[in-house]
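The values are calculated or read from the model by the stated rules, or taken from the named source; none is laboratory data. Here the structure is a predicted model, which is why all the values come from computation and not from measurement. Virtual Cβ from ideal backbone geometry, glycine too; neighbours counted across all protein chains shown.
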Amino acid sequence: MLRIINKDLTLMFSNNMQKIVMLIIVPMFLVIIEAQHMDWLYFLILVSTTYILIMTPFSFDITNKTTSMINSFPIKRKEIVIYRYLSVFVYILIAIVYAGVYLWIINKSGLINVDYFNISMIKRAIPYIMMIVSIMFPANFRFEPRLAQIINAFLYSGTIVFAFNLAQRSIGVSSDIIVKLLGSSNFIIIAIIVYILSMILSIRLYEHKDL
C-alpha cells in the first residue's frame, strides 16, 4: 500500500494544472460567497479541496493508464479499494491544513476576515464528504475512467450547488431541518453506515471488473 500512497502523492504535487486549480479555488469562492456566509465558505473549500485530492489519482488513470501499474503491485484488489476509502481521511486532513494556511494568510493580509479553522464546519464537512464518496467510488470502480469522471463531475456540481443552498438557508433560518441534520450526530452515524456499505459494494464491483 505504501507504493500506492507514494504514487498518489507524487501525482498530486507534480502536476501543474493541479497546482493552479488548488491556488484559484479559494479566491474564486471568496468572490462568489457573500460576507455573511464565511463559515460556509470554509465548508465549501474543505469539500472542494478534498474532492480534488481524491479524484486526481482517478484522473491520471485516464491520461497515464496508472490502473495497470497499480494492478502490477503485489496487492489484492480488495486492498486497493480499502486503501482508497481510508485515504479519504488523509485527504481531508490535508485539506484542513491547506485551507487553514491559505485563509490565515488572507486574514493576515487584511484583505478580508475569514475563518481559517472552524470546528463546527469540519464536523459538517466530514460526513458530507463521506456521503459524496459513497456514491463516487462505486462509480469509479464499476465504470471505465472516462464515464466515471463524467458521473463524478455531475455529482460534484450537485454537491456544490446544494452546499450554496445550505449557506443561503442558514442565514436567519437557524431552525432549518436540513442545516440542523447536517450538523447532527445522526447524520454522522448515517454517513458511517453508508460509507461502510459503499466500500463493501466497491470491493465486490472491483473484484469482478475486467481490467
Residue check: is ILE112 at pLDDT 85 or above, closer than 28 Å to GLY183 by Cα and not aromatic (Phe, Trp, Tyr)? no
Being surrounded by 14 or more Cβ atoms within 10 Å (Cβ to Cβ), out of contact with any Phe, Trp or Tyr (no Cβ under 8 Å at 6 or more places or on another chain) and modelled with pLDDT under 75 is the requirement here; does VAL179 meet it? yes
Filtering the range 102-134 for residues that are in contact with a helix residue (DSSP H, G or I) (Cβ under 8 Å, 6 or more places away or on another chain), hydroxyl-bearing (Ser, Thr, Tyr) and assigned to a helix (DSSP H, G or I) leaves a count of 4
Matching residues in the range 87-96 - criterion: being modelled with pLDDT of 90 or more and more than 20 Å from VAL26 (Cα to Cα): VAL88, PHE89
Among the helices (runs of 4 or more DSSP H) contained in the range 1-82, which hold 1 or more residues that are at pLDDT below 70 and either surrounded by 19 or more Cβ atoms within 10 Å (Cβ to Cβ) or of a type in the set (Lys, Arg) (or both)? 2-14, 38-63, 66-70
For the range 144-169, the count of residues that are at pLDDT 75 or above and over 20 Å from LEU181 (Cα atoms) equals 13
